[in-house]
1. HN-Hα J couplings of region 154-170 from phi, Karplus 6.51/-1.76/1.60, θ = phi - 60°, integer Hz, Gly and Pro as x?
2. Where Rh denotes the Kirkwood radius from the mean inverse Cα pair distance, what is Rg over Rh for region 243-388?
3. Given the chain, what percent of its DSSP beta bridges are antiparallel, to the nearest 5?
4. Which of the residue pairs LYS245/LYS378; LYS100/LYS239; LYS105/LYS458 have a Cα-Cα distance greater than 22 Å in the structure shown?
5. Would region 407-490 count as rounded, prolate or oblate if I go by the C-alpha gyration tensor, calling it rounded below 1.5 in a/c and otherwise prolate when a/b exceeds b/c, oblate otherwise?
6. Averaged per residue, what accessible surface does region 359-475 expose to a 1.4 Å probe, in Å²?
7. Please compute, for the alpha-carbon atoms of region 311-369, the extent along each of the three principal axes and give them in descending order in Å.
8. So what is the 222 nm mean residue ellipticity for the chain from helices alone, if each DSSP H run of at least 4 adds -39500 (n - 2.57) and you divide by all residues, rounding to the nearest 500 deg cm²/dmol?
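The values are calculated or read from the model by the stated rules, or taken from the named source; none is laboratory data. Note that this is a predicted model, so its numbers are computed, not measured. Because the Cβ atoms are built from the backbone with ideal geometry, glycine has one as well, and the counts that use them run over all protein chains shown. SASA here: full protein model, heavy atoms, side chains in, ligands and nucleic acids out. Shrake-Rupley method; radii C 1.70, N 1.55, O 1.52, S 1.80 Å.
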Amino acid sequence: MERYSALVLSAALAVVFAVAATWQDWLLLPTAIFASLSLLGTYDLLQHRHAILRNYPLIGHMRFLFEGIRPEVRQYLIESDQDEEPFSRDDRSLVYQRAKGVEDKRPFGTRERVYDAGYEWLTHSIVPVQIENADFRTRIGGPDCRQPYDASIYNISAMSFGALSANAILALNRGARKGGFAHDTGEGGISRHHRAGGGDIIWEIGSGYFGCRTPEGRFDPERFRDQAADPQVKMIELKLSQGAKPGHGGVLPGAKVTGEIAESRGVPLGVDCVSPAAHSEFSTPIGLMEFIGRLRELSAGKPVGFKLCIGHRREFMCVVKAMRATGITPDFIVIDGKEGGTGAAPVEFANHMGMPLVEGLTFAHNALRGANLRDRVKLGASGKVVSAFDIARVLALGADWANSARGFMFAVGCIQAQACHTNRCPVGVATQDPLRARALDPGDKAERVFRFHRNTLKALAEMTGAAGLAHPGDFLPHHLLMREKDRDMVTGEEIYPYLPEGFLLREEEDGFGYLLRWRRARPESFAPVGPWV
C-alpha cells in the first residue's frame, strides 16, 4: 500500500482541511490544493498510458520532473568542465569570454590530461615571431573564376533562417560585416535579414533549390542569376550532404512556413517544404561538374563549390575523375565532419553516419593532390571548430580555411540547451517564436559575433608566431603531435601525411587505399567498378 500513500495522504488532508475550513476561510486554499492532488492521483490510477503512474499515483510524476530537468542538472551541477555533451564547459566558456571581450586567460596550468590517448598539441619555435595583423585571408577562385573572393580563414558555417530566428540571423550577419568575414546562409535561401545585415554572404543551395526554384521544385536558372547578381553574394555553395545527417532529406511542416520563410525560400505559404535527399539536376559525377560550371556562368564568374560529408570514398574519387574528364573544377570544396550539425537529426544518423572531419579532410586533400588538382581547388573545413587550436589543426591537415556554426551560435547567446528542434529555445537563437526571439538583441549580439571572431584570430596569430610561422596556412602535419595511446607520441605526419602530388595519375601504391578506390572510380557514374565499395 505504500505505493498509494501519497494519494491516500492527499485525500485525507483534503477532507481534514475541508472540515476545518468551515471555521477558518483561509483553509480553503490548502483544501483546494489537496483536493486537486487527489483528483490527479485518481486520474493516474485510471489512465492507461503510463504504467508507472498507475502503480505510483502522484509520486510517479517526480520521475517525469527529474527526467525533464536532467540535461540542465547535468550541465550545471554534475558535468566537469572537460566533459563534452557535445561541447565542454571549457569550450563554451572560451567562446563566451572572447565574444564578451573579457579575460580569457587561465591560471595554474592546463587541466588537460596530457598523458592520455587523444591529447594533441602544436610544436613551437625557440625563435618565435611577432604577427601584427591577424586578418588572415585566403583567395578563393580557380582559373575559371572571374570574381575571386578574399575570404577570412574563419567564417560562419551554414545555418538557415527558419532554423535560426530572424534576430539571430541579423546579429550574425551584422557581426560578419563589421569583422570582414563571411556568413553562409544554409540551404534555406537568402532572407531579408541576411540582406539587412549587409555582410558578405555564401549562398548555400541544397536539393530543394530554395531561392532559385520553379514551383515544381526544380532549379530555375533565371531566379538563380538574379539572386547571384547581388553584390552581397560572394560565393555559391552547392550542398551535397551535411555532417549531422548525410544522405538524409528533410521536411519543414507547412505550419512552420511563415510568410518570411516562404519569401526567402520561394515556396508557398503554409505548405510543407521538402528538401529531397538527392539533387534532381544531376545524378552522375560529370553531371555534377557540368552543373557547377553552369552555376559559375550564371553567376558571372563568382566562386562556386560544393559541401559534403565524406561517405563512400570511391564516390569522391568519381568526382575527382569527373573534374579531370570535363576540365571543370569547383573553386572550393567544404568538408563537413560528422561531428558538425546545428539542426536536429535522427539519432542513428547523428551518431553513426558519415566520416569525422579529420579523416574526411585528409582524404579529400590527398585525393586532390593525387590527381594534380589541389592547386585549383580550395578546401574549407567545418565540424566543432571553435578555438584557435581547432583552426590551426585543420589548416595543418590540409584546409585553407575553417567554418564554425555552433561557435558563432554560442557567440550570440546559445547556452547549449539542445532545444533547437522544439521551437522553445530559451535564449531566442533557434526559434521562430517571436516572443522568445525578441530576447535576442541583434545590436548587442552582433558586437559579440565580431569580438569572438577578432579575438579568436588574435589567439591564432599568437600560436602561429609561437611556432615561428608567418601565416596559419604554414602549419603542416609535422607541427601537430598527438598521443595515439597512453604515453605513445606520434606526429600528424605519421598518421595524416600529405601524399605526393600526382601519385594517383602515376598509379603509385600509397599504403592507405587511395589507389584501390581510384581504380574502381569512374567519372560517368557513382556506381562502383566491380563488387567492392
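1. Result, ordered by residue: 9, 9, 7, 6, 5, 9, 7, 5, x, 6, 9, 6, 4, 5, 5, 4, 4 Hz.
2. Values: Rg = 16.8 Å, Rh = 16.8 Å.
Across region 243-388, the Cα-based Rg/Rh ratio is 1.00.
3. Working: 16 of 45 bridges.
Here the share of antiparallel DSSP bridges comes out near 35 percent.
4. Result: LYS245/LYS378; LYS100/LYS239 exceed 22 Å.
5. Since a/c reaches 1.5 but b/c is at least a/b, the shape of region 407-490 is classed as oblate.
6. Per-residue accessible area for region 359-475 comes out at 31 Å².
7. That gives 39, 18, 16 Å along the principal axes, largest extent first.
8. Value at 222 nm, helices only, nearest 500: -11500 deg cm²/dmol.
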